[in-house]
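Down below is the structure, laid out as structure tokens.
The values are calculated or read from the model by the stated rules, or taken from the named source; none is laboratory data. These numbers come from a predicted model, not from an experiment. With ideal geometry, Cβ positions are generated from the backbone for all residues, glycine too; neighbour counts draw on all protein chains shown. Accessible surface is based on the protein model in full, side chains and every heavy atom, while ligands, DNA and RNA are left aside. Shrake-Rupley method; radii C 1.70, N 1.55, O 1.52, S 1.80 Å.
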Amino acid sequence: ITCYSDEPKFFVSPSQRNDEEAVVDRGGYRSMLKTNFEKEELEGHRTLYIGVHVPIGKKSHRRHRHHGHRHRRRSRELDSGVDNGRESPTYCKYYTPSQRVQFLLGTEDDDEEHIPHDLFTELDEICLKDGEDAEWRETARWLKFEEDVEDGGERWSKPYVATLSLHSLFELRSCILTGIVLLDMRASSVEEVADMVLDQQETVGPLGDEVRRKVRESLLKQHHHQNQKKLANRIPIVRSFADKKQSEPQSMDKNVVKCSTKNDLHFMKKIPPGAEASNVLVGEAEFLDKPVVAFVRLSPAVMLNGLAEVPIVTRFLFILLGPLGKGPQYHEIGRSIATLMTDEVFHDVAYKAKDRNDLIAGIDEFLDQVTVLPPGEWDPSIRIEPPKNVPSQEKRKIAAQTGTDLGDEEEHEGHGGPELQRTGRLFGGLLLDIKRKAPHYLSDYTDGLSLQCLASFLFLYCACMSPVITFGGLLGEATEGRISAIESLFGASMTGIAYSLFAGQPLTILGSTGPVLVFEKILYKFCKEYGLSYLSLRTCIGLWTAFLCLLLVATDASSLVCYITRFTEEAFASLICIIFIYEALEKLIHLGEHYPINMNNNLDKLTRYSCSCVEPPDPSNATLRYWEQNNITASEIYWEALEVKDCIKRRGEFVGTACGPHGPYIPDVLFWSVVLFFSTVFMSAFLKEFKFSRYFPTKVRQAVISDFAVFITIFTMVLVDYVLGVPSPKLKVPSVFKPTRDDRGWLISPLGGNPWWTTLVTVIPALLCTILIFMDQQITAVIINRKEHKLKKGCGYHLDLFVVGLMLGVCSIMGLPWFVAATVLSISHVNSLKLESECSAPGEQPKFLGIREQRFTGLMIFLLMGCSVFMTSVLKYIPMPVLYGVFLYMGASSLRGIQFFDRLKLFGMPAKHQPDFIYLRYVPLRKVHLFTIIQLSCLVMLWVIKTSNYAIVFPMMVLALVFIRKLMDCFFTKREMSWLDDLMPESKKKKLNDAEEEV
């Protein structure tokens, strides 16, 4: 592509330097007035090639640092055409700029001075007119996005994506091509930099002593920074360069640093550690008739006092001083070089460039990537908001390999890592898990010492308590109190503590599951019909299940987890999330039965409403028998004086217009419960998203409000409920630590009063339990261990199952419920521990860094749960509708990121409104819909089975999803499945056959 400019814009000639050791590139220093150009050379200067012809240079690995006579010798060599300095390696003359850049960035330089650092770029401008005093004024700055000083000069603009004109980029290219380029220059002050630049300028064409003096004075003028206004009346922040005649290398005025840091401490936090400064100085001067342009790279980087608004060392300077009247043009050129310095690729090129040709190649490569917006269809005054996600620029740095395709890369992504490889030894996988996790064991506790972990465990403690107690209550009803709330609380605490201490993935939270409850009901009914001891038979089943789980661990059966793809994970996770949402709403509606309201109110008859207790006119046989057993004489009771509780206890009846079918209508409670429920949901969601708002400092928004969102919500709702005094249903926690029934202890005999053969027969139901435990545990573990969570400490599928199996046996002997990984609670746990970058540039969205992997939160959740028996006086104030609201919030928030729901929305969207999902680019829409319909059908099937009387076969249906996914390979190509799902492992023979076919 050839771009022609109307005329050469800047012609800056070479100069000499006798006392400094700059590595000078003289490739572009020629006088346009004194040199006769060939036709090709003139056309080459007027023509800008994007994909330029790259001249061949000498290959040299030596770095020259010149002092004294060496520099003078180098100056004499100028006329003989010798080009010293760090030269580029020999390049093919047909290399494109991107290839040259990739070659340059791919070479290793032993010199630490050429290792790229983060850059802070500042643009200062000046306008020099005779008789007027001027100073450099900061007009813009860049960390990643551009910030301008607003016209009023009182504040910074919002960060925005810099939009540049192509003309300014071409002018910048001309500046680098013809201007002064000083690479790896040693200087300790701005005075030395100015002298060196002006000495080099003299070799082009003398500026004259008077002009040279004025240019030098201009470069040394005071710099006025935007943040200076805030403390201008107290301490001068920036000192004039002229006030300091002699400066030591890398010296810095401590008062300047202290004041500047105080002045903009918040902005300093945004600058990454080790960052360096790039100063862009542009301006117009009345005494100049031609531009002075210089690009300088200092080696080493030094602290130039007052040059940058923040106290960091300066690495790069770009100087452009030109004749009066072209200020806007110079401003745009300054913005162009500043924007280039924030570009990932050119930034690295600037650090590693060996001569001006490398810089030109960097600019050309940047131009190759530029997107042009037509002037008639775009308003240049519009500021583009920084994007939420910026694509990686690594492909620009690394040469593309022929024959590669993104789809091929995606094909190999799954969760089949080394931890899921069969070892061929007994307990081989378990031993590898222990070796993998042992080095991180201490850090699992030290990493938990943060406010985020405190917020996480307070939130999840409240979230875990209610389902455990509810599960215990339901189990107590089903087993006539043999296993109830106190057993559930004790079992959850003991299992959870053991799991948090020794499991391979402590981010997983254990809980009770619906299928286990169904299994317990069926087992108790069976034992009651055949006169067997329920707890003893259950102990046998539990011990067999524990043995089978340990057998699976011994044989590395967890390696089968690699067959659980995203298809199965999402169907299972979606089901659990929907169940959480459904049960939360169901329990809220169920409150209407306990707290009925009068649906036929007449406001004119409110004074006539009443409800009183009376003796049953026609008592049933059950009521008569109850009176007889409790020595109750109905005629001796003053029924109308009884309270509601006593009336129900004595089997009285309620009569009156304010009475419902089960007792008096209860005003306010149901409606107040609904208000509490939805207030909890909306307040939790609002506070969780508050970190993206524009109010309060980042630390307050994220570390306090967002992290503690659910805990703040629960505390607020409890406080409001207590102040209003409405008798909403509260959390009921056992207050005494002892078995629910007096006829059982904490240790259960496996045989008890049952026949001996029951110890053998129970292996059959134990097989079903084993499948249930295995699938529940491992699917949840796969979801937690997905690559997008960026876990760094590895996982331990075998170790997880080992701990769960072991504790399952212990709980069976003690007559406690069984606990396994809870999907929604585990996802909520992971979401509450997400780590984001704190040091982000203004306008840049914080980057997701991973999960805070530790054992502290899980340990504290279950430790506090075990102590709940002694905290009844506090926990009794928590309204149940608030906990139901937390369930709904957890279920809804866990649905985020599930691709299945994104694909469901596509059914109702016209093609032009569909989001730009990556899989829509490579998979036909009809195939996407077919995949979604199959997944939806599986979800419906799981829901029907889960809520039916056949819920005990639910784990078998989850296992069936793996086989359904395998059959789908017949309807979808391998490439399509790589975009829509994880690829399933194939046999070695098939892989070899495929490889042979490709060859």
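The set of residues in the range 352-389 that are farther than 21 Å from Ser168 by Cβ and open to solvent by 30 Å² or more (accessible area, probe 1.4 Å) comprises Lys352, Lys354, Asn357, Glu385, Pro387, Lys388, Asn389. A single member of Glu248, Glu210 is at pLDDT below 85 and either outside any strand (DSSP E or B) or open to solvent by 50 Å² or more (accessible area, probe 1.4 Å) (or both), and it is Glu248. For the range 643-683, a tally of residues being modelled with pLDDT of 80 or more, polar (S, T, N, Q) and open to solvent by 50 Å² or more (accessible area, probe 1.4 Å) returns 0. Filter the range 900-921 down to residues that are touching a residue at least 60 places away in the same chain (Cβ under 8 Å) and buried (at least 17 other Cβ atoms within 10 Å of the Cβ) and give me whichever is nearest to Phe686 (Cα to Cα). Ranking the candidates gives Phe900 first.
Only one entry of Lys521, Lys528 meets the criterion of being surrounded by fewer than 21 Cβ atoms within 10 Å (Cβ to Cβ), over 16 Å from Thr470 (Cβ atoms) and basic (Lys, Arg), and that entry is Lys528.
For Gln226, the conditions (1) open to solvent by less than 30 Å² (accessible area, probe 1.4 Å); (2) at pLDDT 65 or above; (3) in contact with a Ser or Thr (Cβ under 8 Å, 6 or more places away or on another chain) all hold with the exception of (3).
Does the range 863-885 contain any residue that is within 27 Å of Leu442 (Cβ to Cβ) and not aliphatic (A, V, I, L, M)? Scanning the range 863-885 turns up at least one residue that is within 27 Å of Leu442 (Cβ to Cβ) and not aliphatic (A, V, I, L, M). For the range 426-460, the tally of residues that are among the hydroxyl-bearing types (Ser, Thr, Tyr) and crowded, with 19+ Cβ neighbours inside 10 Å stands at 1. In the range 536-582, of all residues being in a helix (DSSP H, G or I) and in contact with an Asp or Glu (Cβ under 7 Å, 6 or more places away or on another chain), the one that is least open to solvent (accessible area, probe 1.4 Å) corresponds to Phe567. Looking across the range 320-336, the residues that are assigned to a helix (DSSP H, G or I) and within 42 Å of the chain's Cα centre (by Cα) come down to Pro328, Gln329, Tyr330, His331, Glu332, Ile333, Gly334, Arg335, Ser336. Which residue pairs have Cβ atoms under 6 Å apart, sit 6 or more places apart or on different chains, and have a first residue in the range 782-794 that is under 15 Å from Lys834 (Cβ atoms) and a second that is surrounded by 21 or more Cβ atoms within 10 Å (Cβ to Cβ) and hydroxyl-bearing (Ser, Thr, Tyr)? Matching pairs, first to second residue: Ile784/Thr508; Ile784/Ser826.
Here Gly334 passes the criteria (1) at pLDDT 90 or above; (2) surrounded by fewer than 19 Cβ atoms within 10 Å (Cβ to Cβ) except the one numbered (2).
Residue-wise test of (1) without any contact (Cβ under 8 Å) to a residue 12 or more places away in the chain; (2) not aliphatic (A, V, I, L, M).
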| site | (1), (2) |
| --- | --- |
| Ile434 | no, no |
| Asp444 | no, yes |
| Gly448 | no, yes |
| Ala463 | no, no |
| Leu475 | no, no |
| Val516 | no, no |
| Lys521 | no, yes |
| Tyr524 | no, yes |
| Glu529 | yes, yes |
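Within the range 492-535, restricting attention to residues that are touching a strand residue (DSSP E or B) at 6+ places or on another chain (Cβ under 7 Å) and not in a helix (DSSP H, G or I), the residue that is modelled with the lowest pLDDT is Thr513.
Here Val958 fulfils each of the conditions (1) in a helix (DSSP H, G or I); (2) modelled with pLDDT under 85; (3) open to solvent by 40 Å² or more (accessible area, probe 1.4 Å) apart from (3). Entry remark, the range 877-899: residues being open to solvent by 40 Å² or more (accessible area, probe 1.4 Å) and at pLDDT 80 or above number 2 in total.
Among the listed residues Glu628, Glu640, Glu636, identify the single one that is over 24 Å from Leu591 (Cα atoms), open to solvent by 60 Å² or more (accessible area, probe 1.4 Å) and in contact with a Ser or Thr (Cβ under 7 Å, 6 or more places away or on another chain). Can you show your working first?
On the way: Glu628 fails: in contact with a Ser or Thr (Cβ under 7 Å, 6 or more places away or on another chain); Glu636 fails: in contact with a Ser or Thr (Cβ under 7 Å, 6 or more places away or on another chain).
Answer to the selection: Glu640.
Scanning the range 438-477 for residues that are of a type outside the set (Gly, Ala, Ser) and either in a loop (DSSP other than H, G, I, E, B) or on the phi > 0 side of the Ramachandran plot (or both) gives Tyr441, Leu442, Asp447, Leu449.
For (1) in the same structural domain as Glu477 (by the TED database); (2) free of Cβ contacts under 8 Å to residues at least 60 places away in the same chain; (3) β-branched (Val, Ile, Thr), each residue gets a yes or a no:
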{"site": "Thr680", "(1), (2), (3)": "yes, no, yes"}
{"site": "Phe686", "(1), (2), (3)": "yes, yes, no"}
{"site": "Lys691", "(1), (2), (3)": "yes, yes, no"}
{"site": "Phe708", "(1), (2), (3)": "yes, no, no"}
{"site": "Leu719", "(1), (2), (3)": "yes, yes, no"}
{"site": "Arg741", "(1), (2), (3)": "no, no, no"}
{"site": "Trp756", "(1), (2), (3)": "yes, yes, no"}
{"site": "Leu772", "(1), (2), (3)": "yes, no, no"}
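Among the residues of the range 922-943, just one is touching a residue at least 40 places away in the same chain (Cβ under 8 Å), closer than 14 Å to Glu570 by Cα and open to solvent by 30 Å² or more (accessible area, probe 1.4 Å), namely Trp943.
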